[in-house]
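What follows is calculated from the coordinates using simple rules that are stated; it is not laboratory data. All values derive from a computational prediction rather than experimental measurement. A quick note on method: Cβ atoms are made from the backbone with ideal geometry, for glycine too, and the neighbour counts reach across all protein chains shown.
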């Protein structure tokens with residue numbers, strides 16, 4: 001079991017749907033991350049939150065909208081996604097941003113029809 | 001291109017053998033980390049080595065760092081079938097950037 005919990009584990013959605021991915025940690029970490037990982041590729045950083053404020057946005061399309069309601073929760077809102085957005089979406093957290101080991105959830109496997 | 005690049009891309013060995021994988025990076029770093037990812041799972045942090053350290057051990061893992069060559073290596077000794085996974089190096093360089101990874105297969 002991982003200490004970072006992601007829900008749902010699998011998600012299939014149409015291009016016109018709106019859905020949200022959720023991530024939760026209770027380790028007192030103040031940095032949280034979203035990554036996108038395609039098959040046989042490394043994770044690609046999408047967003048970083050530090051102390052509940054967005055600190056890094058890696059030029060991610062606006063159809064992905066992150067939200068950090070509190071220090072334990074991180075959401076990724078999805079709208080009007082494209083088939084190429086199908087991937088594994090990983091959430092991670094670390095004690096502070098940068099220079100710290102990251103703890104990963106097991107991800108949400110997203111398929112866009 | 002990726003900040004970290006692993007070599008080899010794939011490695012297949014017998015149980016009990018040692019596995020060595022390498023990582024090269026391009027810019028100055030504060031630390032370098034190695035992660036393991038089992039199929040269908042998230043990444044697991046293995047070890048962090050700081051830029052002023054040359055070698056670090058954790059159980060069957062040995063990591064070296066050569067900042068003059070901008071390279072690091074991960075050695076897994078006495079490998080087990082359970083070590084079968086993808087291994088990634090990650091550098092901080094202002095943000096977390098993962099290399100392309102080495103896929104290790106350990107045959108029983």
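Let me check the size of chain A from its C-alpha atoms; what are the radius of gyration and Dmax in Å?
13.1, 39
Provide, as a two-decimal number, the C-alpha radius of gyration of the stretch B:45-108 over 2.2 N^0.38 Å, N being how many residues it has.
Normalised by 2.2 N^0.38 Å, the Cα Rg of the stretch B:45-108 equals 1.18.
Say R0 is 35 Å: what FRET efficiency, to the nearest 0.05, do residue B:61 and residue A:59 get from their beta-carbon distance?
The value I calculate is 0.50.
Could you give the nm distance between label points at residue A:52 and residue B:27, where each point is 7 Å from its Cα heading toward the beta carbon?
Rounded to a tenth, the inter-label distance reads 3.1 nm.
Quick one: order B:91, B:84, A:5 by neighbouring beta-carbon count within 10 Å, fewest to most.
A:5, B:84, B:91
May I ask you to sort A:68, B:23 by Cβ crowding, counting other Cβ atoms within 10 Å and putting the fewest first?
A:68, B:23
Just to verify a number: FRET efficiency for residue A:86 and residue B:80, C-beta to C-beta distance, R0 = 35 Å, to 0.05?
Given R0 = 35 Å and the Cβ-Cβ separation, E is 0.60.
If a/c stays under 1.5 just call it rounded; otherwise compare a/b with b/c (prolate if a/b is bigger, oblate if not). Do that for the protein assembly as shown, with a ≥ b ≥ c from the square roots of the Cα gyration tensor eigenvalues.
Prolate, since a/c reaches 1.5 and a/b exceeds b/c.
7 Å from Cα along Cα→Cβ at both residue B:12 and residue B:44: what's the point-to-point distance in nm?
Inter-label distance under the simple model: 2.4 nm.
How long, wide and thick is chain B, going by the Cα atoms along their three principal axes, in whole angstroms, largest first?
Per principal axis, max minus min of the Cα coordinates gives 39, 26, 20 Å.
With bins 5 Å wide starting at 0, give me the P(r) of the stretch B:19-60 over every alpha carbon pair, in whole percents.
Pair shares across the bins are 5, 15, 27, 26, 17, 8, 2.
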